[in-house]
Amino acid sequence: MSKIGNPMRKEEATYHSISFAIVGSGGAGVLTAGSILLEAAGKAGWYGIMSRSVGPQIRGGEAAALVRLSTRPVDCAAESYDLMVALDWRMAEGFAAEMPLTAESMVIGNSSAGDTPAAIVSTGATLEQVEMKELAGDVPGGRENMIATGLVAGLTGLPLDDIMSVITARLAGKGVDAIEASRECIKTGLRHSEQFGQSFILERPASKTTARWLITGNEA
């Protein structure tokens, strides 16, 4: 993916390791978004780990994808998160203790979802608003979690080609329309990531390889 040319964005530093969280209600697809980004990062030559947090409810409730990507192998979560994308503020508040933020972090929430929880404001993180629900509604069959996927991709520098490759493979059984809707939502999210004056660009890997394993703890 080419570098975003935004005159409002601070000079982009690159990172050896970045951590992000995508949070929302159960069924909103935040775990799918996290796993897509993790797989795309592996295709691009990075290493990563993802953990899942879900509420105690059988259906619904909270859900969060907690992802760490790095230029080197990783086996544990970071001490704090660089980026949080919240599809639902109530769910973000419920997971605040599990996702430590700092004054260097960025938090993106739905602009129509009400006030940002005090637990998040108190961290000093940069707060941004994107109307993800409305943006997804502009795309026939669009979903908020794919808007969030595009936002994270743009802010971390994940290659768009690798993300689209994962989308095409994962949604092959759902038909062309589902693939195209997801692709358009990701592009929309990526475009909206250009408006921010902050990013968390992961350093380019030394080499791109297709030999990465994508494996769960149970499979291991």
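The values are calculated or read from the model by the stated rules, or taken from the named source; none is laboratory data. These numbers were taken from a predicted model, which means no experiment stands behind them. As a convention, Cβ positions derive from the backbone with ideal geometry for all residues, glycine included, and neighbour counts pool all protein chains shown. These area figures cover heavy atoms from the full protein model, side chains too; ligands, DNA and RNA do not enter into them. Shrake-Rupley method; radii C 1.70, N 1.55, O 1.52, S 1.80 Å.
I need every pair where a residue in segment 28-44 that is at positive phi has its Cβ under 8 Å from the Cβ of a residue that is buried (at least 21 other Cβ atoms within 10 Å of the Cβ) and basic (Lys, Arg), sequence separation at least 6 or different chains.
From segment 28-44, the pairs are GLY29/ARG143.
Out of contact with any Gly (no Cβ under 9 Å at 6 or more places or on another chain), farther than 27 Å from ALA113 by Cα, open to solvent by 10 Å² or more (accessible area, probe 1.4 Å) and among the hydrophobic types (A, V, I, L, M, F, W, C): is that true of ILE179 in this structure?
So ILE179 passes the test.
With respect to GLU134, determine if the residue is free of Cβ contacts under 8 Å to residues at least 24 places away in the same chain and open to solvent by 50 Å² or more (accessible area, probe 1.4 Å).
yes
Test ALA33 against the stated conditions and say whether it is of a type in the set (A, V, I, L, M), closer than 25 Å to GLY197 by Cβ and open to solvent by 10 Å² or more (accessible area, probe 1.4 Å).
no
Go through segment 16-28 and give me each residue that's of a type outside the set (A, V, I, L, M, F, W, C) and modelled with pLDDT of 90 or more.
Correct list: HIS16, SER17, SER19.
Which is of a type outside the set (A, V, I, L, M, F, W, C), open to solvent by less than 10 Å² (accessible area, probe 1.4 Å) and at negative phi, of GLY197, GLY173, GLY189, GLY142?
Of the residues listed, the single one that is of a type outside the set (A, V, I, L, M, F, W, C), open to solvent by less than 10 Å² (accessible area, probe 1.4 Å) and at negative phi is GLY189.
Quick test for you: out of ARG90, ARG68, ARG59, ARG52, pick the one residue that is open to solvent by 40 Å² or more (accessible area, probe 1.4 Å), modelled with pLDDT of 95 or more and either closer than 24 Å to LEU127 by Cα or out of contact with any strand residue (DSSP E or B) (no Cβ under 9 Å at 6 or more places or on another chain) (or both).
Answer to the check: ARG68.
Take the residues in segment 149-194 that are without any contact (Cβ under 8 Å) to a residue 12 or more places away in the chain and of a type in the set (A, V, I, L, M, F, W, C); name whichever of them is farthest from LEU38 (Cα to Cα).
Among them, the one singled out is VAL176.
Output the number of residues of segment 93-125 satisfying the condition of being free of Cβ contacts under 8 Å to residues at least 12 places away in the same chain and touching a strand residue (DSSP E or B) at 6+ places or on another chain (Cβ under 8 Å).
1
Does PHE95 satisfy the criteria of being surrounded by fewer than 23 Cβ atoms within 10 Å (Cβ to Cβ) and not small (Gly, Ala, Ser)?
yes
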